[in-house]
1. What's the total number of residues in segment 241-263 that are in contact (Cβ under 8 Å) with a residue 40 or more places away in the chain and small (G, A, S)?
2. Using the structure shown, decide if N260 is under 24 Å from the mean Cα position of the chain (by Cα), within 22 Å of H143 (Cβ to Cβ) and assigned to a helix (DSSP H, G or I).
3. In segment 561-579, how many are surrounded by 12 or more Cβ atoms within 10 Å (Cβ to Cβ), closer than 19 Å to E623 by Cα, more than 44 Å from the chain's Cα centre (by Cα) and not β-branched (V, I, T)?
4. Give the number of residues within segment 542-582 that are part of a loop (DSSP other than H, G, I, E, B) and in contact with a Ser or Thr (Cβ under 7 Å, 6 or more places away or on another chain).
5. Which of the following residues is surrounded by 18 or more Cβ atoms within 10 Å (Cβ to Cβ), closer than 23 Å to R723 by Cα and modelled with pLDDT under 70: V656, V644?
6. Within segment 716-741, which residues are assigned to a loop (DSSP other than H, G, I, E, B) and among the hydrophobic types (A, V, I, L, M, F, W, C)?
7. Report yes if some residue within segment 541-548 is within 19 Å of P773 (Cβ to Cβ) and among the β-branched types (V, I, T); otherwise report no.
8. Residue under question is E700, and the condition is that it be modelled with pLDDT of 80 or more and charged (D, E, K, R); does it hold?
Amino acid sequence: MDSFLQTFLQQFEHLKIQLEEITSATNNFDDQNNGIGVGGFGKVYRGEVSHSKGRSMAAIKRLDSRGGQGVPEFLKEITMLSKYKHENLVSLLGFCCEGSEMILVYELASRGSLDRHLNSPHLSWTRRLKICLDIAKGLSYLHDPRETHQRLIHCDMKSGNILLDDQWNAKVSDFGLSIMGSANEQQSLIVTLAAGTRGYCDPQYAMTHTLTKESDVYSFGVVLFEVLTGRLCCTYKINGDVEKKFVPKWIESYKQKNLNDIVFKNPTIPPLDGSALKIFSDIAYRCLEVDREHRPRMATVVEELENALKRQELISSLITYYEEMVKSAEPPLNYRSHDELKQILSKGFLLNNGKTWFSVNKKGEHCEMISFADCVDKYDRYIDSHYFGYYHDRVRKRSKYQSEYNNSRFVGGTYYFQNGSGAVKTRVEAQFLSPGITYTVNLVFKYMLPMKKARKDHQYIKLDYSLNDRYYENNLAYFACERKDGWWMCELCHFTSDQRKVGFSFQFHKHDDDEEFIEAEGIEFWPLEKVDDQRQPILDTDANWEENLPSDYEDMMKWSTNSMQWTTEKEAYSLLRKGFLIDDDGKKWFSLDKNGKKCHMLSAVNVSFPVKVLPSPKARFGEVVQCGYRRTLYMSTNIESTLVISAQTTYASYLVYKLLPQSIMKAPYIVRDRNKDYLNSEDARFWHIYLTSPQTPVLEPKADQNTHNPPNRLKITSLPRERHDGWMEVQIWKFQTDTTNAPVPMNLELESCGTKSLNSLGGLIIEGIEFRPV
């Protein structure tokens, strides 16, 4: 040992280990029995040695100068690991420098390096994310010293330099190429020939021969993608040259949102959660930014990986929870993989002796339905003898002989009742809800009597019910919709869950004017789905106005009752889109839709009767009609197809209206087609519309909470929506034009469904009827 080396090592005297002990521990460096690996520094052996911290198994690295590393790397490792101590950096236990031997002794990472486990089925996604987080914490400690030590750039970050202990904790190792920088500098720029390992190197290094802490960030980004894909970033030739690089493909897959094509998959481990995948892949991609300034700090990487790990740990705990649930299903269910478990959860299964149907939606939110037949009050399971003259079981038991109206998923079958037959009391208890989710509580049912198509499409039910003891007033539900599973549902209330278990009581009351038989399957708790808001103004974009401007637009402009002025085609198009009056009486309005199709509005004065005409300067016709306190309104006209509508086009007719502030119009309205072809027919066409969106009771949260987010209704033509001009509209009719010039007759009758006191037409102000392509 030369004098310089001997002098330098005196400061680390407490770390010295005698060569004799190392030789004994490794059985004289027995490659077959004690060898555990080979690196750029040399061979690595396993052995038990005494050191400054006691005695333990250790990894013993023996320098081989033929590997290209020597005394500088040996001294750097001792210096760095003596100064930089962190739970995610490998610990130096000691060294030996006797004669020609230079040996480093580290804590033993019994599972070896990360590169050996990338495609291991024993490495779950939770464990993979934890390993990545460990590495990030170690690098963050080196990069952001916070005045406690000098910044250290590792310069050779790769999966082969990440060691794993018996608990799968990750530790950064091999500091032979590391470079120190000032702790106070924002950017530590080092000009160096320390190239690191091909495939992991910062692309900027090839052009500038400079390394920064962002160079480590790039290399770590490669490691992140290796963990994500379960494979090394390169394949190598026998001479060590790179044969094939995968990083460009990984980057392209991320940009094209095709990560599923490259993510590591194994049927024995639960898949990576979608939200965790997004967080993980986003930060990994940012690490690989070509511009160093755009790469994140390691402290930011740590935060993002912590978020991804939390998401995945939640999913992993839920999978265990679901596995226990499936074991108690009725009947017991079997699955061979987590994909099959996911399918079972999506489809749903019975719990609680067949009284609860449980499923999980695409967002991972719990859905639950309670059997109506099992939650109804026992007294109400029998029809009043005064009503039918005898007792009769109201529960349709499920059997192997399934009728059209008895295909319930519940073992106990369904419960049927008639609105006019008295009150029905129920008590439901949900046990598996997702906390913090806004739920809608639905009555799931079927109409028992066969319905004509016109009736089936009407989405109307009159259901009178009360909710819990603190809601003394009765609620009226008028809106029902058919589901994909063939059942119907009617909303009863909304609430935000603060725990998995919750209880409700409902009492359904009689309605003497509606004696429809319905068959109730259950009370359902379904996460509130957000859809397009029907209350938002209708806005059209004019990005393709040149294509949509009709060739005869100049002739159309001549229809205006006022002289139209424009200087460009775009100005003319804007005028046509806005619309204008086209007859001397001021009762017809013409415009174009966003696709260049003709639109037509008629003043309500010319269409509706009996009505009261009122002046209205803000209306486009200067006047509106008020229907008066009556229950029926007739609307009749002949639509001039040659002028104001396009041939071979499907049109919808819209009632354009406003409601007086004092008006009460909760119930829907019946629209009947009074064309002569249907007047005397049993299949007379009718449907229902709403002038105000149906309202569902909302159970108020606690006094210090405001968690409810009001729902948006589905896109259903019978529901109203707000126009950009401030008026409301609802579709009342639809027709198809042909190639002839014959006028299209419209004869409709609008009638209230509710009682006169609740649902007269007195608060309805109509501007007109508009005809637009659909």
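The values are calculated or read from the model by the stated rules, or taken from the named source; none is laboratory data. In this text, all values refer to a predicted model and were calculated from it rather than measured experimentally. Here Cβ is always computed from backbone atoms with ideal geometry, including for glycine, and neighbour counts include all displayed protein chains.
1. Total satisfying the criteria: 0.
2. Values: under 24 Å from the mean Cα position of the chain (by Cα): yes; within 22 Å of H143 (Cβ to Cβ): no; assigned to a helix (DSSP H, G or I): yes.
For N260, the condition - under 24 Å from the mean Cα position of the chain (by Cα), within 22 Å of H143 (Cβ to Cβ) and assigned to a helix (DSSP H, G or I) - is not met.
3. Qualifying residue count for the region: 0.
4. Of segment 542-582, the ones part of a loop (DSSP other than H, G, I, E, B) are 542-544, 549-552, 558-568, 579, 582.
Now restrict to residues that are in contact with a Ser or Thr (Cβ under 7 Å, 6 or more places away or on another chain): 579, 582.
So the answer is 2.
5. Values: V656 fails: modelled with pLDDT under 70.
After ruling out the rest, the residue left standing is V644.
6. Going residue by residue through segment 716-741, those that are assigned to a loop (DSSP other than H, G, I, E, B) are 716-720, 723-727, 737-741.
Listed by number, the residues that qualify are I716, L719, W727.
7. Step one: list which residues in segment 541-548 are within 19 Å of P773 (Cβ to Cβ), which gives 541-545, 547-548.
In the following step, the residues that additionally are among the β-branched types (V, I, T) were identified as 541.
Within segment 541-548 (the criterion being within 19 Å of P773 (Cβ to Cβ) and among the β-branched types (V, I, T)), the answer is yes, since at least one residue qualifies.
8. Values: modelled with pLDDT of 80 or more: no; charged (D, E, K, R): yes.
It is false that E700 is modelled with pLDDT of 80 or more and charged (D, E, K, R).
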